[in-house]
Amino acid sequence: MNEKKINPRKISAVKDFTCVLPVLIFLAVFTYYPIVELLRISFTDWNLLNDTWQYVGFKNWNWLFAGSGNKYLWNSLKVTVLYSIGELSITLIGGMIFALIFNRMTNSFAAMRAVIFMPKYVAMSSAAVVFLWILNTDSGIFNYLLSLIGVSPVDWLGDRNMALISVLMLTGWRCIGYGMMVYLSAMMGIATDYYEAAALDGANAVQRFFKITLPMLSPTTLFLFVTTFLSSMKVFQSVDILTQGGPYRSTEVFVYNIYRYAMVDFRMDRASTVGIFFFVLLLIVTVATMKVSNGNVTYDS
């Protein structure tokens with residue numbers, strides 16, 4: 001009786017697939033299914049105040065791009081982009097500067113690094129409540145310090161020109177230490193041979209930074225850029241606690257705009273439509289960033 005031999009490679013492939021199957025199921029249930037469901041809801045007129053709903057085709061998409069939702073869409077996009085630029089600048093530029101300053105292996109510098117990084121461990125909700133008091137117009141510590149030098153009180157959260165800056169102050173306090181520690185860990189991985197050879201050739205500190213340090217940190221910069229960009233585009237808690245999107249929608253970022261449609265206006269259909277547009281926008285920008293950066297990133301450290 002002839003017995004068929006089972007290919008060991010097939011057995012190994014089945015075992016590998018079995019190992020990843022739980023993760024695939026998890027992703028299918030909690031990631032891909034919600035996205036598909038979100039897309040389906042965007043073609044309905046689902047209002048939580050009504051008992052019934054029906055499919056309405058592209059009505060919500062027409063409302064978003066050619067109707068009354070268009071104005072608020074571009075306003076929230078503008079606010080989100082401004083916020084993202086601010087957070088990226090703080091994390092990348094501020095983190096780099098702090099990393100260069102505190103790149104010393106001494107106990108005192110280690111303690112200062114820990115103090116700067118510590119706010120990252122504070123929950124955003126708790127930090128935002130504290131900043132509500134700090135930025136209070138009448139009794140906040142910021143305005144008290146300004147009064148000591150003769151500056152009149154600033155309406156940090158009530159002035160449409162200052163509200164977004166105030167939110168970024170909280171963001172900077174929490175994220176600059178993270179950028180510093182990521183850059184510091186990358187700097188410690190750069191071989192000292194590069195700097196010694198450059199010093200022998202007569203390169204000064206500025207030349208060594210732009211010719212050695214900065215190119216060697218390009219993978220770290222790309223990592224920080226992508227992760228910070230995605231987190232900044234999804235900002236919600238700080239805006240919700242500090243300004244609730246105001247004043248006059250001057251801090252209404254994309255996610256808060258979706259929240260307003262879903263939980264204030266009870267329009268799940270419109271919230272889903274804006275959510276799908278936001279998902280596609282993030283996907284396009286992230287892929288474009290990775291494509292553009294492929295030829296500009298140095299992985300030889």
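The values are calculated or read from the model by the stated rules, or taken from the named source; none is laboratory data. The structure displayed is predicted, hence computed values, not measured ones. FYI the Cβ positions are ideal-geometry reconstructions off the backbone, even for glycines, and counts take in every protein chain you see.
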ILE212 being touching a residue at least 12 places away in the same chain (Cβ under 8 Å), β-branched (Val, Ile, Thr) and not in a helix (DSSP H, G or I): no
Subset of region 174-208 [among the hydrophobic types (A, V, I, L, M, F, W, C) and outside any helix (DSSP H, G or I)]: MET188, ILE190, ALA191, ALA203
Residue in region 8-20 that is of a type in the set (Gly, Ala, Ser), assigned to a helix (DSSP H, G or I) and at pLDDT below 90 present: yes
Enumeration of residues in region 28-74 that are among the small types (Gly, Ala, Ser), assigned to a helix (DSSP H, G or I) and under 15 Å from PHE278 (Cα atoms): GLY69
Selection count where residues are touching a residue at least 60 places away in the same chain (Cβ under 8 Å) and either surrounded by 16 or more Cβ atoms within 10 Å (Cβ to Cβ) or touching a strand residue (DSSP E or B) at 6+ places or on another chain (Cβ under 7 Å) (or both), scope region 186-208: 2
Total residues in region 218-246, condition over 16 Å from SER89 (Cα atoms), over 8 Å from the mean Cα position of the chain (by Cα) and of a type outside the set (Val, Ile, Thr): 9
Residue match in region 156-171 (condition: surrounded by fewer than 19 Cβ atoms within 10 Å (Cβ to Cβ), among the hydroxyl-bearing types (Ser, Thr, Tyr), out of contact with any His (no Cβ under 6 Å at 6 or more places or on another chain) and not in a loop (DSSP other than H, G, I, E, B)): no
Hits in region 40-74 (condition: small (Gly, Ala, Ser) and within 27 Å of the chain's Cα centre (by Cα)): SER42, GLY69
